[in-house]
Amino acid sequence: MKTFYAEEQRRHDPKAFLSTGMQKPNPEQPERVERLLAGSRAAGSTIHRPASYGLTPIAAVHTPEYIEFLTHIFERWQRMEGASAEVIPNVHPFARNGSYPAGAAGQAGYHMADTACPISAETFDSACWSAWSAVAATEAVMSGEPAAYALCRPPGHHAFADVAGGFCFFNNSAIAAQRLRATASRVAILDVDLHHGNGTQGIFYARPDVLTVSLHADPSRFYPFFWGHADERGEATGLGYNLNLPLARKSGDTEFLEALGHAISRIRAFTPDALVVALGLDAFEGDPFGGLSVTTSGFARIAEAIAQLRLPTVIVQEGGYLCDALGDNLTAFLTGFSGAN
Ligand SMILES: [Zn+2]
């Protein structure tokens, strides 16, 4: 299986992270790339640099207002007297009523859901290359590869059409799914990250052509809190095309695989032409977020189960943070997927 990745994706290097009111080092570190590249190579994958696809595939799921904001906000922020080195808003609209602030501080609050996605001089470029890695993997699958892996970093599944959040700027999984729609009439996205894929759900919430399914730690007491509950089923013509499977904290392989069985059953009933796997590895028992207890061999079994769908599959990297087994977990998933396919 081919891996797609560009060195520019490493340059985004966020420093700040506010958690339970405390400033901590941001967990979405460039070093994740080293571990994931090693894990991909250990699975026998070859690394390929994506082409630059411009803004067209990104603009297919993100608003022009948001793309323009991300393009210029770092420079605009730096012009404010006494501004921090990274863009980190502290005022957010609790509801949107149509008004749009003119200034950098207000727009940052409008377009950024939380303090986990600081923007530096390198962020926009890194986020573009991350999205292009997803596009390149999608192109490979559309050209006949049974599966391809996009090493997307920064990740994407918490990014809505016009909001960054949770380390995410452009929604790489959504960009892949939308790209697949050029030839596939129905696309399913299966999100196995520890956290609910709220941005992905939001982008496709009113659409019946893209089924969104997410397994994640119960958001009643876990990020992203406001989305990911079982009663969120879609809206308008998208009603019935979103499935959330929240899991009790510390659930292990058995509970995860049981829920995955439900997810796969729903995907089969949707009869998609192609699949995007939003591959978070942070459901791992040793991940610093500590939300679920999936094992390394559990990731292989998850991959084997997904591969049984026998669909053209784009695997998009989402979360998974620094721990000794991060690379091994990717190796287990990719090997399990290829072995079963
Ligand atoms: Zn996550």
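Worth pointing out:
- J(HN,Hα) series, region 157-173, from Karplus relation 6.51 cos²θ - 1.76 cosθ + 1.60, nearest Hz, glycine and proline x: 6, 8, 8, 7, 4, 9, 9, 8, x, x, 6, 10, 10, 10, 7, 4, 5
- Along the chain, longest interval not containing exposed chymotrypsin sites (Phe, Trp or Tyr not before Pro), exposed being DSSP loop plus at most 14 other Cβ atoms within 10 Å: 95-224
- Electrostatic dipole magnitude of region 1-136 [Cβ: Lys, Arg +1; Asp, Glu -1; Cα centre; debye, to 20]: 340 debye
- A DSSP coil position with no more than 16 other Cβ atoms inside 10 Å describes the following trypsin sites (Lys or Arg not before Pro) in region 1-102: 11, 15, 79, 96.
- Between residue 100 and residue 269, the contour length at 0.36 nm per residue exceeds the Cα-Cα span by 56.7 nm.
- Of the trypsin sites (Lys or Arg not before Pro) found in region 248-308, those that fall in a DSSP loop while having at most 15 other beta-carbon atoms within 10 Å are 249, 250.
- Dipole axis of region 166-219 (+1 Lys, Arg; -1 Asp, Glu on Cβ), positive-most option in 176, 215, 192: 176
- Amide H contacts under 5 Å for residue 2, placed H, 5+ residues apart: 149
- Ligands, DNA and RNA aside, residue 191 has an accessible area near 10 Å² when probed at 1.4 Å.
- Less than 5 angstrom separates the built amide H of residue 293 from those of 250, 251, 252, all sequence-distant by 5 or more or on a different chain.
- Region 131-138 - phi-based ³J(HN,Hα) in whole Hz, Karplus 6.51/-1.76/1.60, Gly and Pro as x: 5, 5, 4, 5, 5, 5, 5, 5
- Ranking 48, 216 from most to least accessible surface, computed with a 1.4 Å probe over the protein chains only, gives 48, 216.
- Within the same chain, aspartates and glutamates fewer than 8 places from residue 250 are excluded, and of the rest, those with a Cα less than 15 Å from its Cα are 193, 218, 258, 282, 285, 287.
- Rounded to the nearest 10 Å², the accessible area of residue 67 at probe 1.4 Å: 10 Å²
- For region 21-77: rounded, prolate or oblate by the Cα gyration tensor [a/c cutoff 1.5]: oblate
- Inter-centroid distance (Cα atoms) of region 61-140 relative to region 289-341, Å: 30 Å
- Amide proton proximity set for residue 191, modelled H, under 5 Å, gap of 5+: 213, 214, 215, 278
- Atom-type composition of the exposed protein surface of the chain places 54 percent of the accessible area on carbon and sulfur (1.4 angstrom probe).
- In order along region 233-240, the Karplus-derived 3J(HN,Hα) couplings, from 6.51 cos²θ - 1.76 cosθ + 1.60 at θ = phi - 60°, round to 10, x, 9, 6, 6, x, 5, x Hz, and Gly and Pro are given as x.
The values are calculated or read from the model by the stated rules, or taken from the named source; none is laboratory data. None of these values were measured; they are calculated from a predicted model. When we count neighbours, we look across all protein chains shown, and the Cβ atoms used for this are built from the backbone with ideal geometry, even at glycine. When the accessible area is computed, the model is the full protein with side chains, heavy atoms only, and any ligands, DNA or RNA have been set aside. Shrake-Rupley method; radii C 1.70, N 1.55, O 1.52, S 1.80 Å.
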